[in-house]
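Single-structure report; data block below.
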Amino acid sequence: QVQLVELGGGLVQAGGSLRLSCAASRSIFSFDGMGWYRQAPGKARELVATITGGGHTNYADSVKGRFTISRDNNKNTLYLQMNSLKPEDTAVYSCRADYAISVYWGQGTQVTVSS
C-alpha cells in the first residue's frame with residue numbers, strides 16, 4: 001500500500017509560480033513511474049507531466065516550457081515546479097504512482113490562478 005500526500009497548492013496571480021510536492025509513504029526508488037494530473041471543473045482529468053524511474057519526462061503540450069517535473073528519491077517526494085501560470089491552469093492537481101501492478105493517487109491540491 002502507498003499513501004501520497006500533495007502539498008503546495010494555493011491562489012496565485014497569472015504569471016506567478018507555485019511548486020507542488022507529493023510525499024510518498026514508502027521509497028519511490030522502485031516505483032515504475034510517477035506523474036501529475038489535473039482536473040478542472042466540468043472537465044475530464046488530464047495528464048500534466050510524468051517521470052519514469054530512470055528520469056525520463058513527458059509533458060502535456062499546454063505546459064511545456066512552463067512546468068518542470070522532478071523526483072527526489074532520497075526524500076521520497078515528487079515535485080512539480082509551475083512557472084508563468086495562466087488562469088487556464090486552475091484545477092485540482094493530483095499525483096499518481098505506478099508500483100508493482102497497482103496505481104495510487106493522492107487526494108489532490110487546489111491550484112487557482114487569477115487573471
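The values are calculated or read from the model by the stated rules, or taken from the named source; none is laboratory data. If you're wondering where the values come from, they're calculated on a predicted model, not measured in any experiment. Backbone-built Cβ (ideal geometry, glycine too); neighbour counts: all protein chains shown. Ligands, DNA and RNA are excluded from the accessible area calculation, which covers all protein heavy atoms including side chains. Shrake-Rupley method; radii C 1.70, N 1.55, O 1.52, S 1.80 Å.
How many residues does the range 102-111 contain that are in contact with an Asp or Glu (Cβ under 9 Å, 6 or more places away or on another chain), of a type outside the set (A, V, I, L, M) and either over 14 Å from Val2 (Cβ atoms) or crowded, with 20+ Cβ neighbours inside 10 Å (or both)? Qualifying residue count, the range 102-111: 3.
Which one of Ala91, Ala60, Ala40, Ala100 is at pLDDT 95 or above, of a type in the set (A, V, I, L, M, F, W, C) and over 20 Å from Leu11 (Cβ atoms)?
Numbers: Ala91 fails: over 20 Å from Leu11 (Cβ atoms); Ala40 fails: over 20 Å from Leu11 (Cβ atoms); Ala100 fails: at pLDDT 95 or above.
The match here is Ala60.
Number of residues in the range 1-45 that are under 16 Å from Cys95 (Cβ atoms) and touching a strand residue (DSSP E or B) at 6+ places or on another chain (Cβ under 6 Å): the value is 24.
Applying the criterion of at least 2 residues that are open to solvent by less than 30 Å² (accessible area, probe 1.4 Å) and within 24 Å of Thr112 (Cα to Cα) to the strands (runs of 3 or more DSSP E) found wholly in the range 1-101 leaves 4-7, 10-13, 18-24, 33-39, 46-52, 67-72, 77-82, 91-99.
Can you work out which of the residues in the range 102-115 that are assigned to a strand (DSSP E or B) and not aromatic (Phe, Trp, Tyr) is farthest from the chain's Cα centre (by Cα)?
Within the range 102-115, the subset assigned to a strand (DSSP E or B) is 102-105, 109-114.
Subset that is not aromatic (Phe, Trp, Tyr): 102-103, 109-114.
Working: Ser102: 18, Val103: 15, Thr109: 9, Gln110: 11, Val111: 11, Thr112: 15, Val113: 16, Ser114: 20 Å.
The extreme case among them is Ser114.
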